[in-house]
Amino acid sequence: MKVPLTSSHGIYRDTDASVRVRRWCREQLQHRDVTHSLTRLETPLGSTTVLSAGTRAGLPPVVLLPGTGLNAATTLPTVRLLHGKHRVFVPDIPGEPGLSSSHRPHRHRLRAYGAWLDNLLPQLSAEPVILVGHALGAAIALSATPSAGIAALVLVNPAGLVPLTPTRALTRLRTRSIRNSRGGTGERILTHLLSPRYLADENLTDWFSMLTRDCTPSRPPRRLPTDTVRRWAGQLPIIVATGEHDTLLEPERLRDPVRSLLDVELRTIARCGHLTLRERPHAVAELITQLP
């Protein structure tokens, strides 16, 4: 599938921005206590860098797809909890800040990402995997083709089922970050994404400040066609959960579509906003243990 890609520096404002983001990711990976390896694979969306951690322990491997603005370096708290029991793979999604290609699909975005994942999974594991998708990553998982290579589906803060509804304040901050590359809005954006009780650490604040300074934001994922989502219902174990305080994908808006499209009940993660992979990594690990 030939996919038109963005031009110039891709998602980065300039070459220096690309260098800063990639250096930050590599430094985070080097100084964290998760033993891992990085592999670069060629895919329909260009070069894809994949973090691999953990060893085989009799349980299916986990492929973790981060949400918008996240990647392997920023989801290490979740990887740390999973890699003792599972082999874990975390691809940096092309077109999102990280170590993969900086060019995002220009048209048919989720369809292109689905084809990307169809191509990537056989390169990661010969045995069926547990596919864990967060936010944009969940929409990408649902856009892929159901197959024997996927043993179960865990969707967290899932995009693709309903439109995202950013508050007016968050929309203003995102618009300001597009117009003004000097940054300064990252910490304020986090206040709209996190639970009121969660205090962002310096690492996460630095990352979001870098995003607003060095990267152009992507459009929110669109709602997927009903037939695309319904393909998964009844085919394999599925768990869907969102944060109690997720203001982009509120539990009350997700509950009925999850039930009608996927034939499962939505679970709510207490004391959690939109960034579950950072706020409540233990909750993500617990969801995986609850798979049949």
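Peptides 94-104, 205-215, ordered by how many other C-beta atoms sit within 10 Å of their residues on average, highest first, read 94-104, 205-215.
Taken one residue at a time, the phi angles of the range 107-124 give Karplus couplings (6.51, -1.76, 1.60, θ = phi - 60°) of 9, 6, 4, 5, 4, 5, 5, x, 5, 4, 5, 4, 6, 6, 4, x, 6, 8 Hz. Gly and Pro are set to x. Close amide H partners of Leu65, meaning residues 5 or more places away or on another chain with modelled amide H under 5 Å apart, are Val132, Gly133, His134.
Here the Karplus relation 6.51 cos²θ - 1.76 cosθ + 1.60, evaluated at θ = phi - 60°, turns the backbone of the range 45-57 into coupling constants of 9, x, 5, 10, 8, 10, 7, 10, 8, x, 10, 5, 9 Hz, with x for every Gly and Pro. Summed over qualifying helices (DSSP H, 4 residues or more, each -39500 (n - 2.57)) and divided by its residue number, the chain shows a 222 nm mean residue ellipticity of -11000 deg cm²/dmol.
Normalised by residue number, the volume inside the convex hull of the Cα atoms of the range 15-289 is 117 Å³ per residue. When the chain is treated as a GNM with alpha-carbon contacts under 10 Å, the residue of Thr191, Thr268, Thr15 showing the greatest mean-square fluctuation is Thr15.
Between Arg109, Arg32, Arg219, the GNM of the chain built on Cα springs shorter than 10 angstrom shows Arg219 fluctuating the most. Residues whose amide H falls under 5 Å from that of Gly273, counting only those 5 or more places apart or on a different chain, are Ser195, His245, with hydrogens built in the peptide plane. Within the chain, antiparallel bridges make up roughly 40 percent of the DSSP beta bridges whose residues both belong there. Sorted ascending by nearby beta carbons within 10 Å, beginning with the fewest, Tyr12, Tyr113 become Tyr12, Tyr113.
Here's the picture: charge each Lys and Arg Cβ at +1 and each Asp and Glu Cβ at -1 in the range 15-289, and of Leu248, Leu121, Thr268 the one pushed furthest to the positive end of that dipole is Leu248.
Each residue of the range 33-38 was assigned a 3J(HN,Hα) from its phi angle through the Karplus curve 6.51 cos²θ - 1.76 cosθ + 1.60 (θ = phi - 60°); the sequence is 8, 10, 5, 7, 9, 10 Hz, with glycine and proline shown as x. Among Ala159, Ala112, Ala72, the residue with the largest mean-square fluctuation in a Gaussian network model of the chain, with springs joining Cα atoms closer than 10 Å, is Ala112.
Placing unit charges on the Cβ atoms only, positive for Lys and Arg and negative for Asp and Glu, gives the chain a dipole magnitude near 740 debye about its Cα centre.
Computed from the coordinates by the stated procedures, all read-outs in this text should not be read as laboratory data. Predicted, not measured: the structure shown is a model, and the values here were computed from it. Here the Cβ is made from the backbone with ideal geometry for all residues, glycine too, and neighbour counts use every protein chain on show.
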